[in-house]
Amino acid sequence: LLVRCVFNAPDTGEEARPEHVSESVGQASAYRLGEATRRSASAPSVRQDVPASAVGRSVLGSTVGQGVLASTARPSALAPAPLTDPDTTMSYTSLTELERCGYRYYLERVLRLPENRAAAQAAGPDQDDGGIEARARGTIVHALLESVDFARRPQPLSAQDVGRVARQIGASIGADEREEIAALIARALIAEPALRLRTARRARREHPFAFSLGATEPLVTGVLDLIVEQPDGSSLIVDYKSDRLVGGEDLEQLVQRDYGFQRLLYALAAIEDGAHEVEVAHWFLERPDRWVAVRFVSGERDGLREQLLARVARVRARGFAVTKAPHRRICLTCPARGGLCSWGETHTMRARSATLEFDE
C-alpha cells in the first residue's frame, strides 16, 4: 500500500512537499481514531480520510508504535488551545514541552505515543540529547543529592551508592558511568556553593509547590530540588543540573535560553509562599565551583506574573504546531521523527542553536 501525505507542516510560507510512505497492511492500530479520542475527551478532532485498511506497523521506519493511524496523528486546526482547563493543573515540565514543540507534546501527551527509546540508546552515554539516557542520569544524580545534608559536612558518595540508586529506578549503567557520577557529586560537595549551603537553615528537599497565575488559570505545579533559608532571612532555591556541558559554554546564556521559564516560575512560587526575597540558583555539577543565580524581591510579584502569563499565552497560541527550529535535543527521541513529522533528518538531527533567545 502506498500512502502519500504531509503531516503538520510548519508555517514557513513554502509549499509543503509530500512524503512517500510505503507500508504493508499489518495488525490493527492501538491508536485508531475512536480509541485515541476515548483516551482524552479534550483531544483534538482528527482527519478521517485514511481508511482503517491503511493501518500498518510503522511510518517511514520510525518507532511511532505499531500501526499508528497517520490521520489520527494530525491535530485539527479547530482543536482547543492546550492547558486551558481551569480545573486541571499545568506543570513546569508540561509547559516546557509544549513550548519546545507543540506537535511532539500532542503525540506524547494527548495520543500517548511512546518516545523512541532505541534512538536514545543508540546515541550513547556521551550524548546529552534530553533523551532516556540523559534523564536516567539526571534522576540518579537528583536522588543521590536528595539524601545529602549539606549542614553536616556530607561524606562523598561511592560508586556502590550510585549503583544502588540506579537499580531502584530500574536503570542499567556500567561501572565507568557509576564512577563518573560518584566523582561528579564528590567534586560538588567540596565546591564553594556546597560550603555556602552549610550556613543555610530549614532545608526542604524535593519540595512541591502549587499556585495560580489567575482566577481562570489552571494551577501551576512543580517540585523544587532544594529550598533553604539564608543567614540574611532570604530564601534560596537550588536546582541541580546534571547536563553534559560542551567546551566553554556560557552558563548564564544557557540558563536564559533553556531555563528562563523555570527561573521565573520558581521565583514566583517562593514569593507567593511569603518570601520577601528569593535567590534562584542553577547549579551545573560539571562546573560545580559557582552557580548561576538571580535574586528577586516580593515587589516584583506582579511583574513576574505578567511575564509568565504572556509566555503561557504565546505557547497556547501556537497550540500543537510543530517547532519552527528543530534540532537534535528536541527531536532525537520524538515518536514522529523520520515519519509523521514534516521536518526531515537534516533538520531534526542538527546541532541546537547557540543563540541567546529560545530557539523558536
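Read-outs: derived from the displayed coordinates by stated rules, not from any lab. Predicted model, so just to flag it, every value in this text is computed and none were measured. Neighbour counts run over all protein chains shown; Cβ positions are idealised from the backbone, glycine included.
When every Cα-Cα distance of region 241-360 is counted in 10 angstrom steps from zero, the calculated P(r) takes the values 11, 33, 34, 19, 4, 0 percent. Roughly how far apart, in whole Å, are the Cα centres of region 148-174 and region 276-306? When both Cα centres are located, 27 Å separates them. Treating each Cα of region 233-299 as an identical point scatterer and summing with the Debye formula, the log10 of I(q)/I(0) at q = 0.14, 0.19, 0.28 Å⁻¹ comes to -0.41, -0.70, -1.24. Each residue in E146, E108, E133 was given a count of other beta-carbon atoms within 10 angstrom of its own, and listing them fewest first yields E146, E108, E133.
Grab the beta carbon distance between S158 and A118, set R0 = 30 Å, and tell me the FRET efficiency rounded to 0.05.
Numbers: r = 32 Å, r/R0 = 1.06.
After rounding to 0.05, the efficiency reads 0.40.
Looking at region 103-233, the pairs of alpha carbons with a distance over 17 Å make up 69% of the total. Compactness of region 221-266, taken as the C-alpha radius of gyration over 2.2 N^0.38 Å, stands at 1.35.
Restricting things to alpha carbons, find the Rg to Rh ratio for region 170-210 using the Kirkwood radius for Rh.
Details: Rg = 14.6 Å, Rh = 12.9 Å.
A ratio of 1.13.
Ordering I190, I227, I173 from the fewest to the most neighbouring beta carbons within 10 Å gives I190, I173, I227.
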